[in-house]
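A.B. asks: Take a look at the following structure, please.
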Amino acid sequence: MSFAKLILVQKTFFGHPGRFPASLISSRKSPSLQPTKSHTIRSFATVAMVKAIRVHEHGGPEVLKWEDVEVGEPKEGEIRVKNKAVGLNFIDVYFRKGVYKSTLPFTPGNEAVGVVTAVGPGLTGRKVGDVVAYAGHPLGSYTEEQILPASAAVAVPPSIDPIVAASIMLKGMTAQVLVRRCFKVEPGHTVLVHAAAGGVGSLLCQWASALGATVIGTVSSEVKAAQAAEDGCHHVIIYTQEDFVASVDKITSGQGVNVVYDSVGKDTFQGSLACLKPRGYMVNFGQSSGTPDPLPLSALAAKSLFLTRPSLMQYNATRDELVECASEVFTNVASGVLRVRVNHTYPLSHAAKAHADLEARKTSGSVVLLPDAA
(Lines give C-alpha, C1' and ligand atoms only; values in the text may rest on other atoms or scores of the structure.)
Protein backbone atom coordinates (compact mmCIF):
# COMPACT_ATOMS: atom_id res chain seq x y z
CA MET A 1 0.00 0.00 0.00
CA SER A 2 1.51 3.31 -1.03
CA PHE A 3 2.18 5.73 1.75
CA ALA A 4 1.51 3.00 4.28
CA LYS A 5 3.99 2.53 7.07
CA LEU A 6 4.19 -0.28 9.59
CA ILE A 7 5.13 1.40 12.80
CA LEU A 8 6.68 -0.50 15.68
CA VAL A 9 5.45 1.03 18.86
CA GLN A 10 7.61 0.27 21.89
CA LYS A 11 6.41 1.57 25.19
CA THR A 12 8.52 1.22 28.34
CA PHE A 13 6.75 1.94 31.56
CA PHE A 14 8.71 2.61 34.76
CA GLY A 15 7.51 1.60 38.16
CA HIS A 16 3.98 0.40 37.39
CA PRO A 17 2.53 -0.54 34.04
CA GLY A 18 1.13 2.55 32.35
CA ARG A 19 2.55 4.93 34.98
CA PHE A 20 5.66 7.14 35.12
CA PRO A 21 7.14 8.17 38.49
CA ALA A 22 6.54 11.84 39.23
CA SER A 23 10.31 12.44 39.46
CA LEU A 24 10.72 11.42 35.88
CA ILE A 25 7.72 13.41 34.62
CA SER A 26 8.99 16.60 36.25
CA SER A 27 12.59 16.14 35.13
CA ARG A 28 13.87 17.88 31.99
CA LYS A 29 16.47 15.15 31.60
CA SER A 30 15.98 11.91 29.71
CA PRO A 31 14.84 9.12 32.03
CA SER A 32 17.32 6.41 32.88
CA LEU A 33 17.37 3.45 30.52
CA GLN A 34 18.17 1.17 33.47
CA PRO A 35 15.09 1.33 35.70
CA THR A 36 14.98 -0.75 38.81
CA LYS A 37 11.72 -2.30 37.67
CA SER A 38 10.36 -2.16 34.15
CA HIS A 39 7.58 -3.61 32.02
CA THR A 40 8.13 -3.52 28.28
CA ILE A 41 5.15 -4.00 26.02
CA ARG A 42 5.58 -4.36 22.25
CA SER A 43 2.63 -3.96 19.89
CA PHE A 44 2.26 -3.58 16.15
CA ALA A 45 -0.19 -1.09 14.70
CA THR A 46 -0.77 -0.45 11.00
CA VAL A 47 -1.09 3.26 10.41
CA ALA A 48 -1.98 4.15 6.84
CA MET A 49 -0.17 7.34 5.89
CA VAL A 50 -1.99 8.73 2.88
CA LYS A 51 -2.15 12.01 1.05
CA ALA A 52 -5.18 14.27 1.31
CA ILE A 53 -6.29 17.81 0.63
CA ARG A 54 -6.66 19.78 3.86
CA VAL A 55 -8.27 23.17 4.53
CA HIS A 56 -6.90 25.09 7.53
CA GLU A 57 -8.59 28.41 6.75
CA HIS A 58 -11.43 29.52 4.51
CA GLY A 59 -10.60 31.30 1.29
CA GLY A 60 -9.72 30.85 -2.37
CA PRO A 61 -8.36 27.75 -4.10
CA GLU A 62 -4.93 28.43 -2.59
CA VAL A 63 -6.13 27.23 0.85
CA LEU A 64 -6.34 23.66 -0.48
CA LYS A 65 -3.17 22.00 0.85
CA TRP A 66 -1.74 18.58 -0.12
CA GLU A 67 -0.69 16.91 3.14
CA ASP A 68 0.00 13.60 4.86
CA VAL A 69 -2.81 12.26 7.03
CA GLU A 70 -3.33 9.05 9.00
CA VAL A 71 -6.16 6.61 8.36
CA GLY A 72 -6.89 4.12 11.09
CA GLU A 73 -8.83 0.87 11.19
CA PRO A 74 -12.60 0.83 10.63
CA LYS A 75 -14.74 0.47 13.74
CA GLU A 76 -18.05 -1.31 14.09
CA GLY A 77 -20.36 -0.31 11.22
CA GLU A 78 -17.50 1.23 9.20
CA ILE A 79 -15.44 0.38 6.14
CA ARG A 80 -12.08 1.65 4.88
CA VAL A 81 -12.05 2.60 1.21
CA LYS A 82 -9.13 3.33 -1.12
CA ASN A 83 -10.49 5.94 -3.49
CA LYS A 84 -10.14 5.44 -7.23
CA ALA A 85 -11.98 8.61 -8.32
CA VAL A 86 -13.32 11.68 -6.49
CA GLY A 87 -16.14 13.84 -7.82
CA LEU A 88 -15.75 17.63 -7.84
CA ASN A 89 -18.91 19.60 -7.08
CA PHE A 90 -19.70 23.26 -6.51
CA ILE A 91 -20.70 22.45 -2.95
CA ASP A 92 -16.98 21.81 -2.36
CA VAL A 93 -16.36 25.48 -3.16
CA TYR A 94 -19.01 26.51 -0.63
CA PHE A 95 -17.30 24.51 2.11
CA ARG A 96 -13.87 25.85 1.12
CA LYS A 97 -15.13 29.44 1.32
CA GLY A 98 -17.02 28.89 4.56
CA VAL A 99 -20.47 29.45 3.04
CA TYR A 100 -21.29 26.00 4.39
CA LYS A 101 -19.77 25.43 7.82
CA SER A 102 -17.31 22.75 8.85
CA THR A 103 -14.88 22.68 11.74
CA LEU A 104 -11.34 23.64 10.70
CA PRO A 105 -9.15 21.96 9.65
CA PHE A 106 -11.04 19.59 7.40
CA THR A 107 -10.74 17.47 4.28
CA PRO A 108 -13.27 18.63 1.66
CA GLY A 109 -15.24 16.52 -0.78
CA ASN A 110 -18.66 14.89 -0.82
CA GLU A 111 -18.33 12.12 -3.40
CA ALA A 112 -16.00 9.26 -4.27
CA VAL A 113 -15.75 5.74 -5.64
CA GLY A 114 -13.23 3.25 -4.34
CA VAL A 115 -12.36 -0.28 -3.29
CA VAL A 116 -13.05 -1.58 0.20
CA THR A 117 -9.74 -2.40 1.91
CA ALA A 118 -11.03 -3.28 5.39
CA VAL A 119 -14.33 -3.79 7.19
CA GLY A 120 -15.21 -3.14 10.79
CA PRO A 121 -15.81 -5.95 13.30
CA GLY A 122 -19.04 -7.84 12.81
CA LEU A 123 -20.00 -6.03 9.62
CA THR A 124 -21.96 -8.02 7.07
CA GLY A 125 -22.97 -7.10 3.54
CA ARG A 126 -19.57 -5.64 2.64
CA LYS A 127 -16.25 -7.33 2.01
CA VAL A 128 -12.72 -6.41 1.03
CA GLY A 129 -12.54 -5.86 -2.74
CA ASP A 130 -16.06 -4.46 -3.16
CA VAL A 131 -16.30 -1.37 -5.36
CA VAL A 132 -18.51 1.18 -3.62
CA ALA A 133 -19.60 4.78 -4.03
CA TYR A 134 -20.91 7.42 -1.69
CA ALA A 135 -22.16 10.98 -1.99
CA GLY A 136 -23.34 13.69 0.34
CA HIS A 137 -22.11 12.58 3.76
CA PRO A 138 -19.64 12.43 5.43
CA LEU A 139 -17.38 15.24 4.30
CA GLY A 140 -13.84 14.19 3.38
CA SER A 141 -13.52 12.51 -0.03
CA TYR A 142 -10.43 14.50 -1.17
CA THR A 143 -8.12 11.78 0.08
CA GLU A 144 -6.41 8.62 -1.13
CA GLU A 145 -8.08 6.50 1.54
CA GLN A 146 -10.83 7.11 4.09
CA ILE A 147 -13.12 5.61 6.70
CA LEU A 148 -16.84 5.57 5.83
CA PRO A 149 -20.03 4.47 7.55
CA ALA A 150 -21.01 1.31 5.68
CA SER A 151 -24.57 2.64 5.55
CA ALA A 152 -23.45 5.59 3.42
CA ALA A 153 -21.91 3.46 0.66
CA VAL A 154 -23.69 1.72 -2.21
CA ALA A 155 -22.37 -0.96 -4.53
CA VAL A 156 -21.26 0.18 -7.99
CA PRO A 157 -22.48 -2.09 -10.81
CA PRO A 158 -19.57 -3.79 -12.66
CA SER A 159 -20.76 -2.25 -15.92
CA ILE A 160 -20.08 1.29 -14.70
CA ASP A 161 -16.51 2.62 -14.70
CA PRO A 162 -15.38 4.10 -11.35
CA ILE A 163 -14.63 7.47 -12.97
CA VAL A 164 -18.13 7.60 -14.44
CA ALA A 165 -19.63 6.52 -11.11
CA ALA A 166 -17.68 9.21 -9.23
CA SER A 167 -18.93 11.83 -11.66
CA ILE A 168 -22.56 10.73 -11.42
CA MET A 169 -23.25 9.90 -7.76
CA LEU A 170 -23.85 13.34 -6.23
CA LYS A 171 -24.96 15.04 -9.44
CA GLY A 172 -27.07 12.11 -10.59
CA MET A 173 -28.82 11.68 -7.25
CA THR A 174 -29.38 15.44 -7.12
CA ALA A 175 -30.99 15.29 -10.56
CA GLN A 176 -33.12 12.33 -9.47
CA VAL A 177 -34.39 14.25 -6.45
CA LEU A 178 -35.15 17.32 -8.57
CA VAL A 179 -37.05 15.73 -11.46
CA ARG A 180 -38.58 12.70 -9.72
CA ARG A 181 -39.40 13.82 -6.18
CA CYS A 182 -39.03 17.56 -5.55
CA PHE A 183 -41.10 18.41 -8.65
CA LYS A 184 -42.19 15.35 -10.58
CA VAL A 185 -41.61 16.12 -14.26
CA GLU A 186 -44.20 14.61 -16.60
CA PRO A 187 -44.97 14.69 -20.34
CA GLY A 188 -46.30 18.08 -21.39
CA HIS A 189 -44.39 20.06 -18.78
CA THR A 190 -42.07 22.90 -19.77
CA VAL A 191 -38.96 23.25 -17.62
CA LEU A 192 -36.22 25.86 -17.42
CA VAL A 193 -32.73 24.70 -16.46
CA HIS A 194 -30.05 27.26 -15.63
CA ALA A 195 -26.39 26.28 -16.19
CA ALA A 196 -27.66 23.66 -18.61
CA ALA A 197 -24.14 22.57 -19.63
CA GLY A 198 -22.96 22.07 -16.05
CA GLY A 199 -22.62 18.77 -14.23
CA VAL A 200 -26.14 18.69 -12.76
CA GLY A 201 -27.66 20.84 -15.50
CA SER A 202 -26.59 18.42 -18.21
CA LEU A 203 -28.24 15.51 -16.39
CA LEU A 204 -31.40 17.51 -15.70
CA CYS A 205 -31.79 18.31 -19.39
CA GLN A 206 -31.34 14.68 -20.40
CA TRP A 207 -33.63 13.29 -17.73
CA ALA A 208 -36.41 15.86 -18.17
CA SER A 209 -36.34 15.39 -21.95
CA ALA A 210 -36.56 11.60 -21.53
CA LEU A 211 -39.59 12.10 -19.29
CA GLY A 212 -41.37 13.95 -22.09
CA ALA A 213 -40.90 17.57 -21.02
CA THR A 214 -40.01 20.54 -23.20
CA VAL A 215 -36.62 21.71 -21.93
CA ILE A 216 -35.31 25.28 -22.05
CA GLY A 217 -31.68 25.73 -20.98
CA THR A 218 -29.51 28.75 -20.30
CA VAL A 219 -25.75 28.73 -20.95
CA SER A 220 -22.94 31.26 -21.27
CA SER A 221 -21.38 30.44 -24.65
CA GLU A 222 -21.92 28.96 -28.11
CA VAL A 223 -19.85 25.90 -27.20
CA LYS A 224 -21.98 25.19 -24.15
CA ALA A 225 -25.12 25.84 -26.19
CA ALA A 226 -24.16 23.04 -28.56
CA GLN A 227 -23.62 20.66 -25.66
CA ALA A 228 -26.96 21.59 -24.07
CA ALA A 229 -28.72 20.89 -27.35
CA GLU A 230 -27.08 17.46 -27.51
CA ASP A 231 -28.26 16.82 -23.96
CA GLY A 232 -31.92 17.31 -24.81
CA CYS A 233 -32.54 21.05 -24.63
CA HIS A 234 -35.25 21.95 -27.12
CA HIS A 235 -34.46 25.65 -26.73
CA VAL A 236 -31.09 27.05 -25.66
CA ILE A 237 -30.65 30.63 -24.43
CA ILE A 238 -27.18 32.20 -24.33
CA TYR A 239 -27.79 34.53 -21.42
CA THR A 240 -24.70 36.62 -22.18
CA GLN A 241 -26.27 37.61 -25.49
CA GLU A 242 -29.99 37.83 -24.67
CA ASP A 243 -32.32 38.40 -21.74
CA PHE A 244 -33.44 34.97 -20.61
CA VAL A 245 -36.76 36.23 -19.17
CA ALA A 246 -37.79 37.77 -22.49
CA SER A 247 -36.63 34.69 -24.37
CA VAL A 248 -38.62 32.31 -22.14
CA ASP A 249 -41.68 34.50 -22.53
CA LYS A 250 -41.33 34.31 -26.32
CA ILE A 251 -40.66 30.54 -26.39
CA THR A 252 -43.70 29.81 -24.20
CA SER A 253 -45.95 32.37 -25.93
CA GLY A 254 -46.32 34.19 -22.63
CA GLN A 255 -47.45 31.10 -20.70
CA GLY A 256 -44.29 30.60 -18.65
CA VAL A 257 -42.77 27.35 -17.41
CA ASN A 258 -43.95 24.78 -14.90
CA VAL A 259 -40.68 24.63 -13.02
CA VAL A 260 -37.32 26.39 -12.88
CA TYR A 261 -34.24 24.50 -11.71
CA ASP A 262 -31.87 27.25 -10.57
CA SER A 263 -28.37 26.56 -9.22
CA VAL A 264 -27.07 30.06 -10.02
CA GLY A 265 -28.85 31.97 -7.27
CA LYS A 266 -28.49 35.71 -6.90
CA ASP A 267 -28.06 36.64 -10.58
CA THR A 268 -31.03 34.62 -11.84
CA PHE A 269 -33.40 34.34 -8.89
CA GLN A 270 -35.81 37.19 -9.63
CA GLY A 271 -35.79 36.43 -13.35
CA SER A 272 -36.54 32.79 -12.62
CA LEU A 273 -39.64 33.74 -10.64
CA ALA A 274 -40.78 35.91 -13.54
CA CYS A 275 -40.51 32.91 -15.91
CA LEU A 276 -42.96 30.76 -13.95
CA LYS A 277 -46.56 30.21 -14.89
CA PRO A 278 -49.25 30.40 -12.18
CA ARG A 279 -48.73 27.70 -9.53
CA GLY A 280 -45.25 27.11 -10.91
CA TYR A 281 -42.34 25.71 -8.88
CA MET A 282 -39.15 27.62 -8.19
CA VAL A 283 -36.52 25.05 -7.21
CA ASN A 284 -33.29 26.67 -6.05
CA PHE A 285 -30.53 24.13 -5.41
CA GLY A 286 -27.38 26.27 -5.45
CA GLN A 287 -25.98 29.77 -5.46
CA SER A 288 -22.90 29.90 -7.66
CA SER A 289 -23.39 33.67 -8.15
CA GLY A 290 -24.17 34.31 -4.50
CA THR A 291 -27.07 33.97 -2.09
CA PRO A 292 -30.33 35.44 -3.43
CA ASP A 293 -31.69 38.54 -1.73
CA PRO A 294 -34.43 37.97 0.86
CA LEU A 295 -37.86 37.46 -0.68
CA PRO A 296 -41.12 38.51 1.03
CA LEU A 297 -43.77 35.80 0.96
CA SER A 298 -46.14 38.27 -0.66
CA ALA A 299 -43.98 38.13 -3.80
CA LEU A 300 -45.21 34.57 -4.37
CA ALA A 301 -48.87 35.46 -4.03
CA ALA A 302 -49.37 37.12 -7.43
CA LYS A 303 -49.09 33.76 -9.21
CA SER A 304 -49.49 31.39 -6.21
CA LEU A 305 -45.93 30.20 -6.71
CA PHE A 306 -44.11 27.45 -4.83
CA LEU A 307 -40.53 28.00 -3.64
CA THR A 308 -38.28 25.26 -2.30
CA ARG A 309 -34.61 24.80 -1.44
CA PRO A 310 -34.07 21.01 -1.39
CA SER A 311 -31.19 19.16 0.21
CA LEU A 312 -30.08 15.77 -1.06
CA MET A 313 -29.46 14.53 2.47
CA GLN A 314 -33.05 15.28 3.48
CA TYR A 315 -34.42 13.37 0.51
CA ASN A 316 -32.05 10.43 1.11
CA ALA A 317 -32.50 10.42 4.85
CA THR A 318 -32.99 6.64 5.09
CA ARG A 319 -30.95 3.75 3.75
CA ASP A 320 -33.87 2.64 1.57
CA GLU A 321 -34.18 6.11 0.01
CA LEU A 322 -30.45 6.22 -0.69
CA VAL A 323 -30.35 2.79 -2.33
CA GLU A 324 -33.46 3.47 -4.43
CA CYS A 325 -32.13 6.84 -5.58
CA ALA A 326 -28.68 5.51 -6.51
CA SER A 327 -30.20 2.49 -8.22
CA GLU A 328 -32.37 4.65 -10.46
CA VAL A 329 -29.35 6.75 -11.40
CA PHE A 330 -27.20 3.73 -12.26
CA THR A 331 -30.07 2.14 -14.21
CA ASN A 332 -30.49 5.25 -16.33
CA VAL A 333 -26.75 5.42 -16.97
CA ALA A 334 -26.64 1.76 -18.02
CA SER A 335 -29.67 2.16 -20.32
CA GLY A 336 -28.28 5.28 -22.00
CA VAL A 337 -30.95 7.67 -20.72
CA LEU A 338 -28.16 9.55 -18.95
CA ARG A 339 -24.95 10.18 -20.89
CA VAL A 340 -22.21 11.17 -18.51
CA ARG A 341 -19.81 13.85 -19.69
CA VAL A 342 -16.52 13.61 -17.81
CA ASN A 343 -14.97 16.50 -19.68
CA HIS A 344 -12.16 17.20 -17.24
CA THR A 345 -9.91 15.17 -14.94
CA TYR A 346 -7.21 16.49 -12.61
CA PRO A 347 -4.79 14.80 -10.22
CA LEU A 348 -6.20 15.03 -6.70
CA SER A 349 -3.07 16.91 -5.69
CA HIS A 350 -4.09 19.62 -8.20
CA ALA A 351 -7.48 20.22 -6.59
CA ALA A 352 -6.73 23.94 -6.27
CA LYS A 353 -6.40 24.23 -10.05
CA ALA A 354 -9.64 22.32 -10.54
CA HIS A 355 -11.46 24.64 -8.12
CA ALA A 356 -10.11 27.72 -9.88
CA ASP A 357 -11.22 26.44 -13.29
CA LEU A 358 -14.66 25.50 -11.97
CA GLU A 359 -15.25 28.94 -10.48
CA ALA A 360 -13.99 30.64 -13.64
CA ARG A 361 -16.54 28.62 -15.67
CA LYS A 362 -13.76 27.03 -17.68
CA THR A 363 -15.29 23.59 -17.18
CA SER A 364 -18.37 21.88 -18.55
CA GLY A 365 -20.01 18.60 -17.71
CA SER A 366 -18.47 16.67 -14.84
CA VAL A 367 -15.03 17.10 -13.28
CA VAL A 368 -13.24 14.21 -11.56
CA LEU A 369 -10.16 14.23 -9.34
CA LEU A 370 -7.91 11.18 -9.59
CA PRO A 371 -5.91 10.15 -6.50
CA ASP A 372 -2.23 10.19 -7.41
CA ALA A 373 -1.73 6.66 -6.07
CA ALA A 374 -4.88 5.17 -7.65
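A.B. asks: Can you tell which of Gly140, Gly122 is in a loop (DSSP other than H, G, I, E, B), at pLDDT below 95 and not polar (S, T, N, Q)? Spell out how you get there, then give the answer.
C.D. replies: Working: Gly140 fails: at pLDDT below 95.
From the options Gly140, Gly122, the qualifying one is Gly122.
A.B. asks: Here is a list of conditions, (1) without any contact (Cβ under 8 Å) to a residue 60 or more places away in the chain; (2) under 17 Å from Val260 (Cα atoms), and Pro296 meets all of them except one; can you say which number that is?
C.D. replies: (2)
A.B. asks: While we're on this one: Only one of Gln206, Gln227 is farther than 18 Å from Val248 by Cα and in contact with a Leu (Cβ under 6 Å, 6 or more places away or on another chain). Can you tell me which?
C.D. replies: Values: Gln227 fails: in contact with a Leu (Cβ under 6 Å, 6 or more places away or on another chain).
The unique qualifying residue is Gln206.
A.B. asks: Still on this structure, please answer the following. Can you confirm whether the range 321-344 contains a residue that is surrounded by fewer than 20 Cβ atoms within 10 Å (Cβ to Cβ), touching a residue at least 12 places away in the same chain (Cβ under 8 Å) and farther than 26 Å from Leu211 by Cα?
C.D. replies: Yes, the range 321-344 contains at least one residue that is surrounded by fewer than 20 Cβ atoms within 10 Å (Cβ to Cβ), touching a residue at least 12 places away in the same chain (Cβ under 8 Å) and farther than 26 Å from Leu211 by Cα.
A.B. asks: Moving on to the next point. Among the residues of the range 204-212, are any of a type in the set (A, V, I, L, M), surrounded by fewer than 24 Cβ atoms within 10 Å (Cβ to Cβ) and assigned to a loop (DSSP other than H, G, I, E, B)? Please lay out each step first, then the result.
C.D. replies: Pass one, the range 204-212, residues of a type in the set (A, V, I, L, M): 204, 208, 210-211.
When the remaining residues are screened for being surrounded by fewer than 24 Cβ atoms within 10 Å (Cβ to Cβ), the result is 210-211.
Remaining after also requiring assigned to a loop (DSSP other than H, G, I, E, B): 211.
Within the range 204-212, one or more residues are of a type in the set (A, V, I, L, M), surrounded by fewer than 24 Cβ atoms within 10 Å (Cβ to Cβ) and assigned to a loop (DSSP other than H, G, I, E, B).
A.B. asks: How many of the residues making up the range 256-286 are out of contact with any helix residue (DSSP H, G or I) (no Cβ under 8 Å at 6 or more places or on another chain), of a type outside the set (Phe, Trp, Tyr) and either surrounded by 20 or more Cβ atoms within 10 Å (Cβ to Cβ) or free of Cβ contacts under 8 Å to residues at least 24 places away in the same chain (or both)?
C.D. replies: 8
A.B. asks: Tell me the residue from Pro296, Pro371 that is open to solvent by 50 Å² or more (accessible area, probe 1.4 Å) and more than 14 Å from Ser167 (Cβ to Cβ), please. Explain how you work it out, then say what you get.
C.D. replies: Numbers: Pro371 fails: open to solvent by 50 Å² or more (accessible area, probe 1.4 Å).
Unique residue meeting the criteria: Pro296.
A.B. asks: Is one or more of the residues making up the range 300-318 closer than 29 Å to Val164 by Cβ, in contact (Cβ under 8 Å) with a residue 12 or more places away in the chain and among the polar types (S, T, N, Q)?
C.D. replies: Taking every residue of the range 300-318 in turn, at least one turns out to be closer than 29 Å to Val164 by Cβ, in contact (Cβ under 8 Å) with a residue 12 or more places away in the chain and among the polar types (S, T, N, Q).
The values are calculated or read from the model by the stated rules, or taken from the named source; none is laboratory data. Keep in mind it's a predicted model, so treat the numbers as computed, not measured. Methodologically, a virtual Cβ is constructed for each residue, glycine included, from the backbone with ideal geometry; neighbour enumeration extends over all protein chains shown. Accessible surface is based on the protein model in full, side chains and every heavy atom, while ligands, DNA and RNA are left aside. Shrake-Rupley method; radii C 1.70, N 1.55, O 1.52, S 1.80 Å.
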